[in-house]
Structures are given as structure tokens and as C-alpha cells.
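Encoded as C-alpha cells, the structure appears first; notes follow it.
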Amino acid sequence: MDLNLSPEDRAFRDQTRRWLEANVPRTELKTLEERRAWHRTMFEAGYVGMAWPKEYGGQGATPMKVAIVADEMARANAPAPINGLGIGFIGPTIIIHGTAAQKERYLKKILSAEEIWCQLYSEPNSGSDLASLRTRAEDKGEHFLVNGQKIWTSGGHISDWGILLARTDPNVAKHRGISCFLLNMRQPGVEVRPLKQITGSAEFNEVFMTNARVEKSDLIGRLGQGWEIAQTTLGFERGGNSIARVTRYASAFERLVDAAKKLKRGGKPLLEDPLVRAKLGRVYAEMEVQRYAALRVLSMLQKGDSPGAASSITKLSYSEFEKRYYELCLEILGPYGQVTDGGLEESTLDVDSSSGVRSSWAYAFLWARAGTIYSGSSEIQKNVIGERVLGLPKEIRADRVKS
Amino acid sequence: MDLNLSPEDRAFRDQTRRWLEANVPRTELKTLEERRAWHRTMFEAGYVGMAWPKEYGGQGATPMKVAIVADEMARANAPAPINGLGIGFIGPTIIIHGTAAQKERYLKKILSAEEIWCQLYSEPNSGSDLASLRTRAEDKGEHFLVNGQKIWTSGGHISDWGILLARTDPNVAKHRGISCFLLNMRQPGVEVRPLKQITGSAEFNEVFMTNARVEKSDLIGRLGQGWEIAQTTLGFERGGNSIARVTRYASAFERLVDAAKKLKRGGKPLLEDPLVRAKLGRVYAEMEVQRYAALRVLSMLQKGDSPGAASSITKLSYSEFEKRYYELCLEILGPYGQVTDGGLEESTLDVDSSSGVRSSWAYAFLWARAGTIYSGSSEIQKNVIGERVLGLPKEIRADRVKS
Amino acid sequence: MDFSFSPDQQLLKNSARAFLDEHAKAAHVRALWDDPRGESETLWKEMAQLGWLGLALPEEAGGSALGLVETAILQEELGRAACPSAYLPTVLAAMAVDRFGSAAQKNRWLPAIAGGSARATVALMERELDWDLRSVQTRAEERGGKAVLTGVKQFVPWAHVADLILVPAVAGATVAVFAVETSAPGVSVTPLTSMDPGVRLSTVTLDGAVATEGRLPSGGALDFLLQRGAVGASAEMLGAARRCLDMAVDYAKVREQFGQPIGSFQAIRHKCAEMLLEVENSFSAVYYAAWSLENGAEDGPLAASVAKAYVSDASRKVCGDAIQVHGGIGFTWEYDLHLYFKRAKALEPLYGDADYHRELIVRRVAR
Amino acid sequence: MDFSFSPDQQLLKNSARAFLDEHAKAAHVRALWDDPRGESETLWKEMAQLGWLGLALPEEAGGSALGLVETAILQEELGRAACPSAYLPTVLAAMAVDRFGSAAQKNRWLPAIAGGSARATVALMERELDWDLRSVQTRAEERGGKAVLTGVKQFVPWAHVADLILVPAVAGATVAVFAVETSAPGVSVTPLTSMDPGVRLSTVTLDGAVATEGRLPSGGALDFLLQRGAVGASAEMLGAARRCLDMAVDYAKVREQFGQPIGSFQAIRHKCAEMLLEVENSFSAVYYAAWSLENGAEDGPLAASVAKAYVSDASRKVCGDAIQVHGGIGFTWEYDLHLYFKRAKALEPLYGDADYHRELIVRRVAR
């Protein structure tokens, strides 16, 4: 056990920190073009797709280096590079399962963000039960015709391409009839609608596919291999960002303490109120434990062991913590924490919500509710942990009883 | 809505209070005979089996009057009458399902505690799933022969009779093969062993039946009607004691506050520590809500409506509260709360645990763990609430799938 | 002893439910969220005609002389609808004027409020995050027999539509509650935007504002406002929580995953059971408190704090769990669940938060 | 960066597990619970031979010069066995003597402790329910070059078998830590009976007891004891929690109700999943803290408080849930679960409870 960064990693961290200090845009990036430009700057500096193999334009960087960059970016409050999904797991999926032609055609433009990608997995009626998805892809000879609806597509409105799960064989058991495709989003058959959240903003889209066309050459892997491909790649990156996530929590904590100094009760700053202190101590302890746990996962990845099903523990842990965290923030801040506009300066504290958006406490509080739902709800994570980590017997379920 | 006691009930409460002040034994009752004597005193004063119909020696008293007596006894810290199960639900079961001969033979002696009764339902392998019980009762012509083991029998060692659930027909669906009997505990075939709890004392027994004999005349109801009988009577009394229960919590709270005045931190009484105050406020609020809820159930019973499945809400609510309550007590008292002997006077605070035993905080804390397990664990209660109160669809279960 | 609603009370509840289901549908609520004023004059007039605004006011003022239980019944239903309306602060202020006000104040305000031509509110917070007497900085000076108020009040509900504001202010050695007309010179109201646009809050600045003749006595009036405000807010939170529970249960019955309704999974059914437990306990707390305060029971003030402390936590849990039970759809703006979630959340820190009321409880029970 | 055990550390863990599975079975633990002395001389001597007692002591003292991580590994295993032993306070005191003691004190105690011929403990609490410097009332007076101690220490672990007690006392303007031999005149030890007979506590009365030559410097030594004691207790609680989790999972796999293993019900499987989460997080907290303190990392003291605050709550939840998963049998004395449940509970309020450590955290991070 040695929790020190290696000299090499420390040097890399310092160099990254210096680079970010010099290059992070001073003003908020508004247009897509500004974000593309920032992406290109990071890409040219070698901070994008670091984990990708060299032959595909990456650097085969260690998980630690990847985590260091993510962490330093969070620390420097740097805008994320665009095309996160493309780089985080769609590219890697193509690298693992794609044909030479597909790699040639897509990978470079993912890295450079010349083409932006989104994920087309979830459907309105297939949330936790992804395998029940209904979107059809019919074989029309030299191409596939896609019909169906997807939901929870982030960045759908700016995407050029999407990785798609669709049913190609309705006659086999539900997992086995699914295939994985690359869908051109820029065609008449694809309609993207913003999906507004309880936060009031639309971080996601709905995507409607009506006779959308997919080239035969854009099938990934074999027909019916879609489920397997989705499984192997869904795990990507989980853990990799978790240090950075905690760093964002920590910067929110600093702002919380600032607020607790400014706001008063009984003539004294809230920070001197023992109940407030007890709550601060509680969240800080939990936050630190999230950080320790993230380091543990990272050290595992460093050694080339994949956490596998145990990554469900990470997801469950941080998403439930984040919910408690912002609930406690709003408890401490009272009505000040719910004001979104027009209040005293105390009531307009900017925080970085874990969605990456700079916003109000109210936004961060509401956004945190998504964490225990998306990419496997807490209930699903507990099932996975119970079954695959603890080896508890499978539950008796209708779809299992039937089959 | 009118939460005042009726003038009549207020008068009855005052009279009961005066009677208890005059009659509650000053010294702890040690022997069974002392307890029998106290029982008889209460019985003669008309405070035992009040809810029983007049023709069987009761007074057909209202639920409110029954609750008032229980509450005043808790307030006066009066020892419970012996034979609680016999009076609480075994007698009533005989009244509802018994033959004239059975009523004649048993009821009077239950009231007078001449004969003490216990309940023989749970088995080591049938906890939550009572219907899977394995104790057999074989028809030997003019009597039944009983073989099997029961557990969680309270008062088994002092009981003369027990109400028994045993399987009389192994060849029908599990609920339908069970019959209900009255078992003479004073026979060679019945062995009673104390069952020690994590509290260190033995509030329960194990009962082993080896060729124990049950007269044909001691079958209650029809053969195979046992499950139905158990269901109708398991609900008895729930709610009736809940006011008294809260009164016991309240007396423990007073002792907690006393301790918080004596124990110091930073030179000040714990009672002035804002964190301690926050915890006291939390448990007191929850405790009061338990009281309000108990009044609501009582007012329902007064009107002759039975809470039915909703009584699961009461059970879940108080048992989970009691667990939190004593956890918080031990949090506040620190190591003082765990000392069982030899500490400072602060560390030997007597409380009334909800088991009715006057004891240490540690005992009350440990005993509280039983509440969420016995007579239907919290998990079972939530199932009942979900299915029977909220009308949620039945879960898919092996024993349902098979049948 | 009878803990159930009387036939009249049940009738009131049913008619309120029917009325709000018709006139305060989610679509109406959403429209009012987008409305700059944030509430509906028509709806207000209808409430007046239904006798809701004068419910607890004396008959000579055009009221029905009913009590807090009936008021809580309406507040629960308003919370259930997440109805954007100044009902809670208006009836709260009216009850205080009725209890503590001068004849002139009663004549001036009670008939107007009961009739729906006036709205009122109470200013219980200042810049400090506190509900205690000690936090009142606003000063009242005597000038020519009139009280002149100077100070800033925070998070005053519906002040921007109110005609009358009850303002606690330091008057010499004590804190008294003064009645200030928003039309008076020196009164300025600055609306805030908050998470629940159905509870509009404003900053009220008093710069030498002249209070109407007469004052409400110290201490007592402030306690009165805090206690009855706490019960009212608890009733609304209860309504919002019950709505979230109902939606979650209905959804769990029909939504299928893995080939069965999600309500048949223990994870969901047990969550719903816990939610029901919290809702039922909250109901007991709200109506016990309402009845006890109304009937001057010794433990009325205690029960008010118990209700606010308990229901604040319970409604947060229930409304949050309802989102979890729904999954993704419960997180969308188009789905109505967040209307009720946000209503419960908005009321958590108003009229004293749970921590403050727990402290009040300890002050009462552990001396 | 490597968060996993080195081969040596893993070896130590495995051998400790094997040794305790053999020599600290539940049956042994129960026997020691009934034993007036409460611990086993034989076991102690064997620990010495295994090098456990000198693990973190310098080689010249007969130790292995290993660190807190290795110590925590043993403490986790001891907790996992709910082994009744003075290990935690003894090594804690020894490390303090090694760090702060005079040459004479080191020579007198370290070889004896490493060799198993002496036991030691620390007296961190007095009558006040507090772990802060401010609560120290015991006074040390200088008499003829010797420090004479007067005061009462509460809840001193294993004092009745200890040869040496480290005693914080007010010496003039500061609080210093003194070394007192239990055999010294004026030292009386009164054992208490407590919920977990595997952690024996005593009241220690110092009535003009003469401390051994030399003192441990102020502040620093007390912080050292509290921080390392906190990590040690957290490691033991982690071990107890892990044991409870393992037992619950094993039971859930075999116990059948309603025709299926209870582990196939979501209510149980999800509870077990939450327990695992808490155990894994506790593991991270304990070993991060042990490593950071050992290596003088800047956040070492913070991490120690984080560990105690987190693991105190986590182990309580895990051990309690384990009883619930077991149902009735988990509530019986004959079943071993309560040994581990009570061990975790006993350590919750020792070496600073969760609330105290949360306060320490805020003192460090929010200035």
C-alpha cells in the first residue's frame, strides 16, 4: 500500500495544472464553435482520448494519467471537451468491436470532434429493463431501416452520429435479438426533440426514428451481438471520472462554507452553529470517503484489473451520496438555497453541479435526483451487487419464470 | 374531530389512577405467586379481561377504557397482570371459535390466572413463513399425538396450557393442512427450555413436543381451520396497547433528560449541547407522532372499525421508531449508556424497556432490536401494506409460482 | 375521543378536492408558474365565494367561524394540488388580526379578506436565517402617535400581491407585530425567483413606512403566527406528499419492467409502504396539532412544532422517493410530479424549519 | 499509487485470520466473556510470539518496525473475531511511548510490551462525556522532581490488567500525558460491567499517584493517542462489520422462507448490498487513514477523524442490519452474531464518538 503519486505522475499533474492555468478559457463557452475550438486546443495538447491506443490517435495513457487530467480540469473549473461520449466509450467500442473500415472512417473524427456522437440506448418503455427495447431495424438488403423512439439522449441535438441498439430479430429471447449500429443523425428520418428536466433545462433529448437508414457497413459486430457489445462498453470510464467528481463536490463544499460564513443566525455566522457544523462534518466525511474509494478503484484500474460488477458499488455510493449532499446543503441554506434569481448575494452562490453546469444550489439539488436513476437505478445496482458481487441467489422474476 | 376524553372516560381514568396509586405493589414482584396475587387483585377490581363479553366474566368494556387502564398502568409503572396472552387473545379466540364445553372449561381460569397460557405458533424453520410449520398432530382415534418443536414461546416455562398450531394434513396446500389445538403443557411429552436473548436474559422459550397428547375435545374449530383461526386472532390487541407503549417511551425520555442534566460536556450539562438538543427534539417529535397515531387507531376501534391490514402500519411504525429511539439514547449517553453495572450513578439509569422489564439503557437498546422481527418482521409488514393497503400487485414468489 | 372528520369536515374536504381537481389542474398550475403575478384573481374570487377565505373568521366579518381543522383540510387540498395562491399567509394574517387586532383593524381587513377583495401576508424572516424573536432587527419608532417602521424582511410569501403585511418589529423593549399596508409610502416589495414558482417570495423593504393604527401585542402574536403558520405549512406539505404517494402507487401498478409491474418488486412496494407510513403519521401530526391549537389544549404549541418538524422531513422523503419510484419520467418537466415535490420543498424552510422546531420542542419539554 | 496490500501485508492478514479462526473462536470469546479477568494470558503470549505486540515498535525494542497499516490489519482481524484483548490500548500506548517517551521510559516498557510481559492502556476520558483537552480535570503537581497525579479517569479500557496507564493531566498551563504504573500507590482500578464484555472498562482513581520519571509532551501526545486510537477502533469496527456482513450473506443464501432462499428477495438482497457498500467504504476510510498517519501525510489527522466518524455509523448500520437479515435467530444468545454487533457498538463511543470527530473535521476544513 502506497498512496503517493509516483514522481512521474506528480510531474505530469504539475505540468497539466500549469497547462490548464495557461489555457483554460476565461469566459464561458457559449457557441458550439467555441466549445469545438476548446476541444481542439485540448486535443492538440494531448489531453483528449489519452486512454486510446496510439495507433488510433491516443497515447495509451494509464488510468492514473487520465484521472489526473480529469481531476485537474475539475480543479481548474475547465469546460469539458465536447464529444465526451464519443471519446469515453463509443470510440473504444468501435476500437474493440469495429471493422478496419469503421475504425478508419470514424475514430479520427471522434477525437477531433469533427463529428459529435450520442448514445441511442434507452427507450420510454425500457428504462431499467434495457433488453426489452422495441426500436426495430429491418434488413432491407443493402441497408437497414430503423423505426422507434429513444430517450435520455444527451447532446442529441448537436450530434452527427449515434451508437444505436435496435431489435433485428423479434423471434428470439429478448437479449439475443438486439444488434448495435452506427446511425447518421443528419438525415430526414431522425428527429431530435429537447427533453426538459425538473431542473428547468434540457440536458437530454428524445430521438424519433422514422424509416431512418443505416448502411450495412455500419453494423457493429455481428447481428444479434448488440446486447453483448453494450454490456462490455457500458462499464467504460466508470471510476475513471470519480476523482474528478469528488473534486467538484469539494469545490461546492468550499462555496457552502463561504455561505455559512456570510449567513447569520443569532448574530453569529452559521459556521458557528453547532448543528450546521455537525452537518458540514457529516458531508465532508462522506465526501472524503468517496475520494478514498475512488482512489482504490483507480489503483485497481492502474493494475489492469477491471472492477467489473463492483463498479456498481461506486455508482450506488456516489449517486446516493450526492443526493444526501445537496439535501444537506439546502437544509443548511434554508430558503436562500432555493432562490434561483433576485435574492441577496448569499442566495445566488454559484456551484458546479455534477452535471458540469455552473448554476444555483437549487439546480444542483434537483440534478442530484437524476444520479440514482440514470445508467442503472440504485435498485438495479443493488441487484447487481447482490447477485454478482455477493453471489446471492437470483430473484424470481416473471421474465425468468416464463423462459 | 374531537380529541377530548369523554367526561365518562375522564372519570374512569381518574378513578383508575387513584386505584393504582393505592394498590400498585411497592416492591418488585419476584415469585410467580406474588404475580398471581397482583393479578387477582387487579382482576377483582375489574381491570383484567375488561374487553371480554360480560357472559364470560368480562365487562364488554370499550377499547378506550381498555387503553386507559393500560396507559395508567404504564404511567404508574404497575407490573403487568400475569397471563397476558391468555387474556389478550387466547381467551378471545376460544370465545369466538371454541365449543360451549371449551368455554366452560377454560375461560374462567384464564381470567383468574388459575391457569396460565402460552402461544405455540412459530417454529425454527417457520418464522416469517408461518404457514410452512412442520409440527405434526396425528389423529389417534380418541386423541391427537403431537410431535415437533416450537420457538419464541413467551412464558412457556410458567404455562399450564398452550394454544397450538400443528399440521394435521400434509397432503393439502400448506395453509389448509393446519389445525388449532389447546395443549396441556403439564405432561411428559412437553419439554420447555429457556431461550436466552442477546439481552442476556431469557424472555422466551423453546418447546419440544414428543408424542404429546391432545384430547379430541381440545381441537379448536374444524380440522384444517387452524390457519384461518390464527389469522383472525393474530390481530387482537394490536393498537390497544399502543398508547401505553408511548407512555413507557415517555417515561424513558424523562430519564434521558435527567441523564442529560447530570452528564456534562465542556463544563455544561449535555442538555445545553445543541447536538444533544437536536437529537432530543427529534425523538420527542417522533414519539409524539406515535402517540397521535395510536389515538387515531384507538378512535377507530372505538367506532367498531377494525384497522385490519392497516395495523401493519402501526406495528412497522412503532417498532422502527423504538429502534431509532434507543440508538439515539445510546448516542447521547455514550459509554455511560452501555454500562450495565458498576458505573457512576449516571451510568445506572433505570428505564422501562418496552419488554416491560425495568433495566439498563443497554437492555432497552438490545431489546428494541426484537421489535422489528417478532410477530411479522418489518419486511413482512411492508409486504402486507403494499399488497393489502396500497393494492400493489402480488410479488412473484416460488411458493406461488409452483402452485 | 374521535380522531376522524365530522360529516361536515368530510364534506368540506370532498368539495375542496372536487373544486381543485377542476380549477387547479396541473395545467393551471403550470400556467400560473409562467405568470408574472403567479396567482389567479379568478380563483381567489371563487375561493371567497366558497367561503374558504373567511372560513375561520367570525360571522360578523362575513366568515364561517370554523376553525383550524377546517383550515388545515383546505390547506392539505391546496398542497395536494400545488395550487399557487396566497391562501396560507392571508388566512394566517387574518386569524392574527381577528385574535389580536383593534376593532378598527378588524373592520378594515376581515370583511375585505373574507370577501376576496384583500390579500395579506406575514413577514417572519429577516436577513438572518432565523425565526427567533432575537433575529428581529426592524425597528418601530413612535412619531406623532404613529409607528414608523424601518428594516428589511426576507422571503415574505406573496408580498407582491398582498394589501396588508404583518410585520414584527422592535418597539422599545419588546417585539410587537405591526400591520403595514403595502400601498403605504416607504414600503417596497422586490420579488425573488425560487425553485417553486407556486410559492412566490419577496424581499420587503420598510423605509420609514407608517403602520396602520394599533399594534398586535408582542410575543404572543409572533408565537401565534409561527405556530399556526407551521401547522398550515405542514398541512400543505402533507397534501403534496399524499399526491406524490398516490402518483407513485398508481405508476407502480401499471409500469412494467422485466415482464411484471414494478410494484410487484419488493424494492418498490416496500418503498411505497414506507411512504404511506410517513403520510399517515404526517396526517396524525397535522390534525392533532390543528385541533389542539384550535381548542387551546395545553400541548397545542408543542404539537405545532412536532407537526412542522415531523412533516418537513417526512414530506421530503415521500416526494423524493416518489421520483425514485417513477424513474426517468419522474425527472422530466412535462410529468407533473415535480410540481408537488417542489411545493413540499418550498415549505420546508418557511414558518420555522425542522431544526428550529425541534429546538422549540426541547425548550418546552426539557426544562 | 497503490491502494492494495503488499504481499507481506496480505500474508500478515491471512496468517492473522488463520490464527484467530483457530485460537479466538466464538467459543473462546464466550469463555472470556465469563472470565473475571476477561482476556487470555496464553493468547497474549502467543500474540507476542507472532510479533503482533511489537509490530510497530523499533527493532532494538524487539519490534518489527512496521507501521499503522499492518497494525490496522491486525486490529481488523481482531475485530472480526470480537477477540477480547488489550491489544488496541496496549499498542496505542506503546507507540506513544516510542514517539514521545524518554529513553528510560522506552527501555522500561517497549521490550516488555513487545515481549508480552506487560500491558498498557490510555485514559482519554474523565467524568465529562468529552474527549477534548478542555475536559481534563486530573491535576499533576510537581513534588520533589516527581509528578503527582490526582483525579478520576472513566472508561479506561483494560486498566484492570494493564501495568502502565498513559494519563493526560493538567500540568500548570498545559495538559501533558504522564505514564503511571498501576502498581504505584494511590492508583485504584474499579472495573465496570458493560454491554460488550469483550471490551473491559474501568474507572481509574488517582489519589496522589506518582508518575514515572519523564512526561510526554502536551497537546501532541494527546492528539496522537486520539488519532491513532480512532483509526485502531475504526479498524476493529470494520472487522466486526465485515463479519456480520459475511454471516448475513451466508445465511441469506441458505435460509428458505416461502419456498425460496431469503437472499432472493429484494428486501434482503438490497439490504446486503447496502451493507457491502458500507463495509467497502469503511475499508477505504480505515486504510487511507492508517497509511496517511503513518506517512505523515498532511491530511492524516483529518483522515483519522473521517474514519472514526464514518465507520462508527457504518458499522452500526451493518451490524444492526445483519440482525434484521437473520430474523429471530440473530436475536438469540447462542447465535454468535451479537458478539460482533456488540464489539462494534462498544467502540462507537471510545476514542471520540462520531459527533466529536465530525467537529474535529470541521475545525480542520472550515476555518
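FYI, it's all coordinate maths here, none of it is from the lab. If you're wondering where the values come from, they're calculated on a predicted model, not measured in any experiment. A quick note on method: Cβ atoms are made from the backbone with ideal geometry, for glycine too, and the neighbour counts reach across all protein chains shown.
Expressed as an acute angle from 0 to 90° and rounded to the nearest 10, what is the orientation of the C-alpha long axis of helix A:100-111 relative to the principal long axis of chain A?
20
Using θ = phi - 60° and the Karplus form 6.51 cos²θ - 1.76 cosθ + 1.60, what ³J(HN,Hα) does each residue of the stretch A:138-153 get, whole Hz, x for Gly and Pro?
Ordered by residue, 3J(HN,Hα) equals 9, 6, 9, x, 9, 7, 10, 10, 10, 9, x, 10, 10, 9, 6, 8 Hz.
About its Cα centre, how strong a charge dipole does chain C have in debye, to the nearest 20, once Lys and Arg get +1 and Asp and Glu get -1 at the Cβ? Before the final figure, lay out the partial values.
Numbers: 36 positive and 45 negative charges, 90 e Å.
My answer is approximately 440 debye.
Using Cα pairs closer than 8 Å and at least 6 residues apart in sequence, work out the relative contact order for the stretch B:132-270, in percent. Provide the component values of the computation, followed by the final result.
Working: 235 pairs, mean separation 33.1, N = 139.
Reported relative contact order: 24 percent.
Sort out for me the Cα centre separation of the stretch D:1-28 from the stretch B:120-156, rounded to whole Å.
Value for the Cα centre distance between the two parts: 44 Å.
Given a Förster radius of 45 Å and the C-beta distance between D:E22 and B:D341 as r, what FRET efficiency does 1/(1 + (r/R0)^6) yield to the nearest 0.05? Intermediate results must be reported in sequence, preceding the final value.
Details: r = 32 Å, r/R0 = 0.72.
The calculated FRET efficiency here is 0.90.
Determine which chain A residue has its Cβ at minimum distance from the rotation axis mapping A onto B, giving the value in whole Å.
Nearest to the symmetry axis by Cβ: A:P274, 2.
At a Förster radius of 41 Å, what calculated FRET efficiency corresponds to the Cβ-Cβ distance of C:Q49 and C:D299, to the nearest 0.05?
Working: r = 36 Å, r/R0 = 0.88.
Using R0 = 41 Å, I get an efficiency of 0.70.
Amide H neighbours of A:I220 under 5 Å, at least 5 residues apart or on other chains, H built in the peptide plane: list them.
Here A:C180, A:F181, A:L182 satisfy the definition.
Here are some pairs, A:K103/A:K216; B:K262/D:K153; B:K323/D:K342; C:K13/C:K253; D:K13/D:K45; B:K150/D:K317; which of them have Cα atoms lying more than 22 Å apart in this structure?
Details: A:K103/A:K216 15 Å; B:K262/D:K153 17 Å; B:K323/D:K342 15 Å; C:K13/C:K253 26 Å; D:K13/D:K45 19 Å; B:K150/D:K317 31 Å.
In this structure, C:K13/C:K253; B:K150/D:K317 lie more than 22 Å apart at Cα.
Would you mind classifying the stretch A:177-325 by shape? Square roots of the alpha carbon gyration tensor eigenvalues, ordered a ≥ b ≥ c; an a/c under 1.5 is rounded, otherwise it is prolate if a/b is larger than b/c and oblate if not.
Working: a/c = 4.12, a/b = 1.82, b/c = 2.27.
Because a/c hits 1.5 or more and a/b fails to exceed b/c, the stretch A:177-325 counts as oblate.
How large is the charge dipole for the stretch B:51-136, taken about the Cα centre, if only the Cβ atoms of Lys, Arg (+1) and Asp, Glu (-1) carry charge, to the nearest 20 debye? Provide the component values of the computation, followed by the final result.
On the way: 9 positive and 8 negative charges, 36 e Å.
The dipole of the stretch B:51-136 has a size of about 180 debye.
Please list the non-local residues whose amide H lies under 5 Å from the amide H of D:W158, H modeled 1.01 Å from N, same-chain partners needing a gap of 5 or more.
Answer set, sorted by chain and number: D:R200, D:L201, D:S202.
Which listed residue (A:W161, A:L295, A:L271) has the Cα farthest towards the positive end of the charge dipole for chain A, taking +1 on Lys and Arg C-beta and -1 on Asp and Glu C-beta about the Cα centre?
Selected residue: A:L295.
What FRET efficiency, computed as 1/(1 + (r/R0)^6) with R0 = 60 Å and r the Cβ-Cβ distance, is obtained for D:S183 and C:R99, rounded to the nearest 0.05?
Details: r = 74 Å, r/R0 = 1.23.
For D:S183 and C:R99, the calculated efficiency is 0.25.
Name the most mobile residue of C:Y87, C:Y288, C:Y335, meaning the one with the largest mean-square fluctuation, in a Gaussian network model of chain C with Cα contacts below 10 Å.
For chain C, modelled as a Gaussian network with Cα springs under 10 Å, the answer is C:Y335.
What number comes out for the charge environment of D:G320, summing +1 per Lys or Arg and -1 per Asp or Glu over other residues with Cβ under 14 Å away? It would help to have the intermediate numbers written out before the result.
Details: positive: B:K323, B:R324, B:R369, D:R243, D:K271, D:R316, D:K317, D:K342, D:R343, D:K345; negative: B:E320, B:E322, B:E327, B:E331, D:E274, D:E278, D:D313, D:D321, D:E348.
That sum, taken over residues with Cβ under 14 Å, equals +1.
How many partner chain Cβ atoms sit within 10 Å of a residue's Cβ in peptide C:67-74, on average, as a whole number? Write out the running numbers ahead of the final one.
Details: counts 1, 0, 2, 1, 0, 0, 1, 0.
The mean count of partner-chain Cβ atoms within 10 Å per residue comes to 1.
With springs only between Cα atoms under 10 Å, which of A:M73, A:M185, A:M300 fluctuates most in a Gaussian network model of chain A?
Comparing A:M73, A:M185, A:M300 in a Gaussian network model of chain A, the most mobile one is A:M300.
What does the average come to when, for each residue of peptide D:328-338, you count the partner chain Cβ atoms lying within 10 Å of its Cβ? Spell out each step's value before the answer.
Working: counts 13, 4, 3, 12, 9, 9, 4, 1, 0, 1, 6.
Across D:328-338, the average partner-chain Cβ count within 10 Å equals 6.
Can you give the relative contact order of chain D as a percent, counting alpha carbon pairs under 8 Å and 6+ residues apart? Could you put the intermediate results ahead of the total?
Working: 718 pairs, mean separation 59.8, N = 367.
Relative CO of chain D lands at 16 percent.
Output the 0 to 90 degree angle, nearest 10, between the alpha-carbon long axis of helix D:354-365 and the longest principal axis computed from the alpha carbons of chain D.
70
What dipole magnitude, in Debye to the nearest 20, does the protein assembly as shown give about its Cα centre under +1 on Lys/Arg Cβ and -1 on Asp/Glu Cβ? Numbers along the way, then the final one.
Numbers: 182 positive and 188 negative charges, 246 e Å.
Once rounded to the nearest 20, the dipole reads 1180 debye.
Amide H of C:A147: which non-local residues (sequence gap of 5 or more, or other chain) have their own amide H closer than 5 Å, using H built in the peptide plane?
C:A211
Can you pull the mean other chain C-beta count within 10 Å for peptide C:190-202? Before the final figure, lay out the partial values.
On the way: counts 2, 2, 11, 8, 12, 15, 2, 2, 0, 2, 0, 5, 1.
Taking all residues of C:190-202 together, the mean is 5.
Closest to the C-onto-D rotation axis, which residue of chain C has its Cβ, and how many Å off the axis is it?
Minimum Cβ distance to the axis, with residue: C:Q266, 2.
What does the helix-only formula give at 222 nm for chain C: each DSSP H stretch with n ≥ 4 adding -39500 (n - 2.57), the total divided by the residues, and the result rounded to the nearest 500 deg cm²/dmol? Display every interim value, and only then the final one.
On the way: 11 runs with 189 residues, N = 367.
Calculated mean residue ellipticity at 222 nm is -17500 deg cm²/dmol.
Please list B:214-220, C:164-170 highest first by mean number of surrounding beta-carbon atoms within 10 Å per residue. Mind showing how you got there, number by number?
Numbers: B:214-220: 18.1, C:164-170: 26.0.
In descending order of packing, they fall as C:164-170, B:214-220.
So how tilted is helix D:220-254 from the main axis of chain D? Cα-based, degrees 0 to 90, rounded to 10.
With rounding to tens, the tilt is 20 degrees.
Going by C-beta contacts inside 10 Å, put A:R36, A:R26 in order with the fewest on the left. Don't skip to the answer; put the middle values down first.
Details: A:R36 19, A:R26 4.
Ascending Cβ contact count within 10 Å gives the list A:R26, A:R36.
Under a plain spin-label model, where a point goes 7 Å from the Cα along Cα-to-Cβ, how far apart in nm are A:V24 and A:K54?
3.2
Would you compute, from DSSP H runs of 4+ residues alone, the mean residue ellipticity of chain B at 222 nm, taking -39500 (n - 2.57) per run and dividing by the full residue count, rounded to the nearest 500? Walk me through the numbers before you get to the answer.
On the way: 12 runs with 167 residues, N = 403.
Rounded to the nearest 500, it is -13500 deg cm²/dmol.
Charges on Cβ only, +1 for Lys and Arg, -1 for Asp and Glu, centred on the Cα centroid of the protein assembly as shown; of B:L133, A:C329, C:L66, which one is farthest towards the dipole's positive end?
Among B:L133, A:C329, C:L66, the one farthest towards the positive end of the dipole of the protein assembly as shown is B:L133.
Positive end of the charge dipole of the stretch B:143-247 (Lys, Arg +1 and Asp, Glu -1 on Cβ, about the Cα centre): tell me which of B:V172, B:L195, B:A230 has its Cα farthest that way.
B:V172
With θ set to phi - 60°, apply the Karplus curve 6.51 cos²θ - 1.76 cosθ + 1.60 along the stretch C:91-98 and write out the HN-Hα couplings as whole Hz, x wherever there is a Gly or Pro.
Working through the residues one at a time gives 5, 4, 5, 4, 4, 5, 4, 4 Hz.
Pairs of Cα atoms under 8 Å, at least six residues apart: use those to get the relative contact order of chain A, whole percent.
Working: 626 pairs, mean separation 49.0, N = 403.
The value is 12 percent.
Once you've got the GNM for chain A with C-alpha springs shorter than 10 Å, pick whichever of A:T31, A:T168, A:T153 has the biggest mean-square fluctuation.
A:T31
Karplus couplings for the stretch C:335-348 from phi (6.51 cos²θ - 1.76 cosθ + 1.60, θ = phi - 60°), rounded to Hz, Gly and Pro as x?
Taking θ as phi minus 60°, the curve returns 6, 7, 3, 5, 4, 7, 3, 6, 5, 4, 5, 4, 7, 3 Hz for the stretch C:335-348.
If we hang a label 7 Å off Cα along the beta carbon direction at A:D258, how far is it from the matching labels on the other copies, in nm, shortest first?
Nearest first, the other copies' label points are 5.2 nm away.
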